[in-house]
Amino acid sequence: MVATVHIDVVSAEESIFSGEAEFVVAPAQMGEVGIYPRHAPMITSIKPGALRIKLADKNEEQLIYISGGILEVQPGIITVLADTAIRGHDLDEAQANAAKKAAEEAMKNRASDVDYAKAQAEFVEAIAQIQAIEKLRKKH
Amino acid sequence: MAGSKEIRTKIKSVENTRKITKAMEMVAASKMRKAQERMRQARPYAEKIRNVAAHLSYAKSEYKHPFLVKKDQVKNIGLIVVTSDKGLCGGLNTNVLRMSVNQMKQWESQGKKIQVSALGNKGFGFMTRINANVKSHITGLGDTPHVEKLIGAIKVMLDAYINHEIDQLFICYTKFINTMKQEPVVDQLLPLAGEKIGSPEGPWDYIYEPDAQMVIDQLLTRYIESLIYHGVTENMASEQSARMVAMKSASDNAKNVIDELKLIYNKARQAAITKEISEIVGGAAAVA
């Protein structure tokens, strides 16, 4: 019997995954982190990328693509608070500006820098998706 | 047969209205089930994030986030008003708006200034009509609210809080109690206090990566967003069930009107027949 850790992957809109795992790899802000059961308490933000979960009692890995969020680790439980969308300071700012502008009904066109930030975020997401797919291919 | 044609047309038109209200009732019923499901699905995230936030606020971290610090003097207040985009849902929006206006009056009488963020078309229209200070608004959320759509309007308010433009943030929405009962409520969002934070199971500090401040900033923003998202989903479930009830009573009412009109129509018809018979009998008697 291998030691296992409970993992919950939830987003604001739905619960994505819940189960027992032997080993979890997450794309943390400072680089990938691997977590075994009874890890020290840790909180870190995660980048867009693939979450790899080695399921207990099964010889396979579950791959979950997430677009960023927060990872909380406690000795017996791992919680991934996944974002539902790509987030970034520029993007949030852009959305806030858009909401503000709509309220003021200002008609200034500042689309160009907003689009740039969005394109960059989409680019990062696309790369992460490709990486996730490559990892999947290697397995099969 | 005076008026019988008019009555027939009237019956037809009421019947058509009833068909529409009946269809809307059924659509609202199915949408309500979905909205309730969404409410349920959003719960684990809110609970998890609440737990983590509880740990953070009690952990012996040296960093105190502005969201957690209570301000001594409250001069400016932010209010997020959640309403529906569409009408025909009974007194739902009226109740929410009445509640927020009462609250605003109270704050104004205490000399506090109010900034409003309106989520939903009805609230936005109303707030602009009464000349409230609308800082941001979002309309056209559709049937499935997405967190992405809310971020902008929320960030305007959170930025205002961080920049000391507002000292407290409240949200006013309709709480879904059950299909028949929805209640408007005003909840305090910022500063985070009381049951919204809860207490952790054990005192320990985390390893923060990259650093405590950044993680806490990110987490608390998400937490507020999830609270507002929760309000929006509750409001949406309330909207659909209120619409369902309103449309049900409209259909019932239409049925009563049709029954009454049918009675009048039949009476008119019978009167006409009786008249005709007595005329024929009278005519025959005159000939014989």
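Scoring B:E25 on the criteria (1) in contact with a helix residue (DSSP H, G or I) (Cβ under 8 Å, 6 or more places away or on another chain); (2) within 30 Å of A:I78 (Cβ to Cβ) leaves a single failure, condition (2).
May I ask you to list pairs of residues, at least six apart or on different chains, whose Cβ atoms are under 7 Å apart, with the first in segment B:212-226 being facing chain A (nearest Cβ under 8 Å) and more than 14 Å from A:A28 (Cβ to Cβ) and the second being part of a helix (DSSP H, G or I) and among the hydroxyl-bearing types (S, T, Y)? Correct list of pairs: B:S226/B:Y45.
Among the residues of segment B:73-110 satisfying the criterion of being open to solvent by less than 60 Å² (accessible area, probe 1.4 Å) and over 21 Å from the mean Cα position of the chain (by Cα), which is modelled with the lowest pLDDT? Selected residue: B:V74.
Within segment B:164-183, does at least one residue satisfy the condition of being within 30 Å of B:G111 (Cβ to Cβ), more than 9 Å from chain A (Cβ to nearest Cβ), of a type in the set (A, V, I, L, M) and open to solvent by 40 Å² or more (accessible area, probe 1.4 Å)?
Restricting attention to segment B:164-183, the residues satisfying the condition of being within 30 Å of B:G111 (Cβ to Cβ) are B:164-175, B:183.
Still in the running and more than 9 Å from chain A (Cβ to nearest Cβ): B:164-175, B:183.
Filter once more, keeping what is of a type in the set (A, V, I, L, M): B:166, B:169, B:171.
Applying the additional criterion that residues be open to solvent by 40 Å² or more (accessible area, probe 1.4 Å) yields none.
No: zero hits.
Residues of segment B:211-229 include none that is open to solvent by less than 80 Å² (accessible area, probe 1.4 Å), in a helix (DSSP H, G or I), in contact with a Gly (Cβ under 7 Å, 6 or more places away or on another chain) and at pLDDT 85 or above. Does B:R38 fit the bill of being touching a helix residue (DSSP H, G or I) at 6+ places or on another chain (Cβ under 6 Å), within 14 Å of chain A (Cβ to nearest Cβ) and charged (D, E, K, R)? Yes: the conditions hold for B:R38.
Anything in segment A:27-39 that is among the hydrophobic types (A, V, I, L, M, F, W, C) and within 11 Å of chain B (Cβ to nearest Cβ)? List them, or say none. Across segment A:27-39, the qualifying residues are A:A28, A:M30, A:V33. Any chance segment B:91-113 includes a residue that's over 30 Å from A:V80 (Cα atoms) and within 14 Å of another protein chain (Cβ to nearest Cβ)? The answer is no; no qualifying residue exists. Based on what the data block shows, is B:I264 farther than 27 Å from B:H137 by Cα, assigned to a helix (DSSP H, G or I), touching a residue at least 60 places away in the same chain (Cβ under 8 Å) and not hydroxyl-bearing (S, T, Y)? Yes, satisfied. The single condition from (1) in contact with a helix residue (DSSP H, G or I) (Cβ under 8 Å, 6 or more places away or on another chain); (2) more than 14 Å from chain A (Cβ to nearest Cβ); (3) over 28 Å from B:K262 (Cβ atoms); (4) surrounded by fewer than 19 Cβ atoms within 10 Å (Cβ to Cβ) that B:S30 fails is (1).
Per-residue answers, yes or no, for (1) assigned to a helix (DSSP H, G or I); (2) among the charged types (D, E, K, R); (3) within 22 Å of B:T21 (Cβ to Cβ):
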site	(1), (2), (3)
B:D259	yes, yes, yes
B:K275	yes, yes, no
B:V281	yes, no, no
B:A284	yes, no, no
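Residues in segment A:40-70 that are facing chain B (nearest Cβ under 9 Å) and of a type in the set (A, V, I, L, M, F, W, C): A:A40, A:M42, A:I43, A:I70.
Does at least one position in segment B:76-90 carry a residue that is in a helix (DSSP H, G or I) and in contact with a helix residue (DSSP H, G or I) (Cβ under 8 Å, 6 or more places away or on another chain)?
No, that holds for no residue.
Within segment B:114-163, the set of residues being open to solvent by less than 50 Å² (accessible area, probe 1.4 Å), away from chain A (no Cβ under 12 Å) and within 22 Å of B:A42 (Cβ to Cβ) comprises B:G120, B:G123, B:L141, B:G142. Answer yes if at least one residue in segment B:18-37 is within 30 Å of B:L219 (Cβ to Cβ) and touching an Asp or Glu at 6+ places or on another chain (Cβ under 9 Å), and no otherwise. Yes; the residues of segment B:18-37 include at least one that is within 30 Å of B:L219 (Cβ to Cβ) and touching an Asp or Glu at 6+ places or on another chain (Cβ under 9 Å).
The values are calculated or read from the model by the stated rules, or taken from the named source; none is laboratory data. Everything quoted here is computed from the prediction, not taken from an experiment. Quick reminder, even Gly has a Cβ in these numbers, built from the backbone with ideal geometry, and neighbours come from all protein chains shown. SASA here: full protein model, heavy atoms, side chains in, ligands and nucleic acids out. Shrake-Rupley method; radii C 1.70, N 1.55, O 1.52, S 1.80 Å.
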